[in-house]
Each structure stands twice: as C-alpha cells, then as structure tokens.
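J.: I have a structure I would like to understand better, so I am pasting it below and will then ask my questions one at a time.
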Amino acid sequence: MNLMLFGAPGAGKGTQAKFLIEKYNIPQISTGDILREAIANNTEMGLEAKKFMDEGKLVPDSTIIGIIKDRLAESDCKEGFILDGFPRTLAQAQALKELMATMQISLDRVISLNVPDELIVGRITGRRVCSKCGASFHVEFNPSKEENVCDYCGSELIIRKDDNAQTVKSRLEAYHAQTAPLIDFYTNMGVFTELDGTKDVSDVTKDMIAALA
Ligand code: AP5
Ligand code: MG
Ligand code: ZN
C-alpha cells in the first residue's frame, strides 16, 4: 500500500503514521525527520536545510526530491510506504508522479487531516518529540505514559527547535501558499480523502483505517 499523509504543520501526520506502520508493516518516510537527522549528523545537506527549517520556510525542491528518490529505492519500500510531509509543492508532486511512474507503482490514497489554523499553535507549542525515533506526544492532548520518555523506544522527549509560536506562523503561511494547492492535484487524481483531524487521536485513527479498508 502506497500512502500519503497530508495536512498543515501539527495536523497529526506523524502521530497517525505510527499506527499505519504497525497495521500495514510499511515504513514512514518523513522528509522532516530525514532532514532533522541530517542536521544532527552535521552533513552538508543538514547545514543547508537548517537555515530554512529554523525560519519555518520550505527547503528547496531539488534537495527534497533527491532525498525521496534515494529513500524510495531502498528495499523496505517494496511492499509500500507512508509519505509524511512530502510532497509540499506542485514541483515535488510532479516529481513524485514521474518517479512512481518510472518505478511502475501507483499512489493508493492521500489522507488529509483537516485542522483549522487556530488549533495548530496549541498543538505545536505543547508537542514533545522523541529524540531517537521521532514519535510525537503532547503535554496535554496526547501525553506519554511516563513524563519525557518515549512510549515506543524509551528515549528522551525533547522540544523541536522550530516548535515556537513565531516559526509556526511562517510554517502555516508556507502551507497555505505552497502546499494547499496540492489538494486539487490529488483530488483530480481521484485519491484524495479528507478527514476531520480535530477529533481525538484514536478517533482519527479509526476514521483513517475505515477510509483505507
Ligand atoms: P515536518 O517535520 O514535516 O513538520 P510539519 O509539516 O510542520 O509537520 P509537523 O511534524 O509539525 O506536524 P505533524 O502533522 O506531523 O503533527 P504531529 O503528529 O507531530 O517539517 C519540518 C520542516 O522541514 C519544514 O518546516 C520544512 O522546513 C522542512 N521540510 C520537511 N519536508 C519538506 C518538504 N517536503 N519540502 C520542503 N521542506 C520540507 O502532531 C502535532 C502535535 O499535536 C503533537 O503534539 C501531537 O501529540 C498532537 N496531536 C496529534 N494528533 C492530535 C489530535 N487528534 N488531537 C490533539 N492533539 C493531537
Ligand atoms: Mg511530523
Ligand atoms: Zn522513541
């Protein structure tokens, strides 16, 4: 199953991806996580990307498309994958379409998690992420079982550098200007499903599984 999770920053893509990994046994491909790993490893790409991420701007398409080409070629993607936070521009969507055509695979579904902007700031500022596996928690809405410890791998939870009220504003602007136009692109492809992302985490998961059945 080749899936895509779509939505504004903080809509719940990373949170819901964790359930899909377990249900379908396919990997999550989060361009945000890949970029954060590159920053942690001090690679050239990481240093370049960091400037954009810290300001809440999109990283250039050429960098992102290169990442995805390499990642989809890995053997664990043979049975499918979950794209999380990619594509985010029409150029990325077009590149993905061409890449998948070359690989002779197709996109089964795009699940969009709809959350209005006014709820996003609270979600982002209360978020805690796992320093190792990237899992997302929220101090109020989705707390980890033990404070500051990841439920999945036991590592320490941290606050993402771009999770502050100022950067969230630019990230939302980037989403509306550059990413939201993809809704038409995928609606026209007949693969776009919108879900109410404001429900509780477990209810969103139920709706998502039903949409994929
Ligand atoms: P990325 O890491 O993708 O960040 P994002 O898109 O801003 O999305 P988030 O990870 O913030 O949100 P999410 O939807 O995963 O929400 P989560 O599940 O954590 O990208 C970071 C940066 O990298 C970008 O700004 C850009 O610079 C760059 N980048 C990445 N990909 C790129 C690309 N393709 N092109 C160009 N640049 C790129 O949930 C959020 C919070 O809400 C958590 O605390 C969670 O516990 C809570 N929550 C989740 N669901 C619910 C619920 N149902 N009810 C209540 N709370 C909930
Ligand atoms: Mg995420
Ligand atoms: Zn973890």
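The values are calculated or read from the model by the stated rules, or taken from the named source; none is laboratory data. Because the structure is a prediction, the values reported are computed rather than measured. Glycine gets a Cβ as well: all are built from the backbone with ideal geometry, and neighbour counts include every protein chain shown.
J.: Looking only at region 1-43, which residues are of a type in the set (Ser, Thr, Tyr), over 19 Å from residue 201 (Cα atoms) and part of a helix (DSSP H, G or I)?
T.: 31
J.: Which of the numbered conditions does residue 211 fail, given that it passes all the others? Conditions: (1) modelled with pLDDT of 95 or more; (2) of a type outside the set (S, T, N, Q); (3) assigned to a loop (DSSP other than H, G, I, E, B); (4) more than 9 Å from ligand 1 (Cβ to nearest atom).
T.: (3)
J.: Further, regarding this structure: So which of 186, 175, 152 is under 16 Å from residue 19 (Cβ atoms), touching a residue at least 60 places away in the same chain (Cβ under 8 Å) and aromatic (Phe, Trp, Tyr)?
T.: Step by step, each of 186, 175, 152 is checked, and only 152 is under 16 Å from residue 19 (Cβ atoms), touching a residue at least 60 places away in the same chain (Cβ under 8 Å) and aromatic (Phe, Trp, Tyr).
J.: Within region 64-89, how many residues turn out to be more than 16 Å from ligand 2 (Cβ to nearest atom) and either more than 17 Å from the chain's Cα centre (by Cα) or more than 21 Å from residue 8 (Cα to Cα) (or both)?
T.: 12
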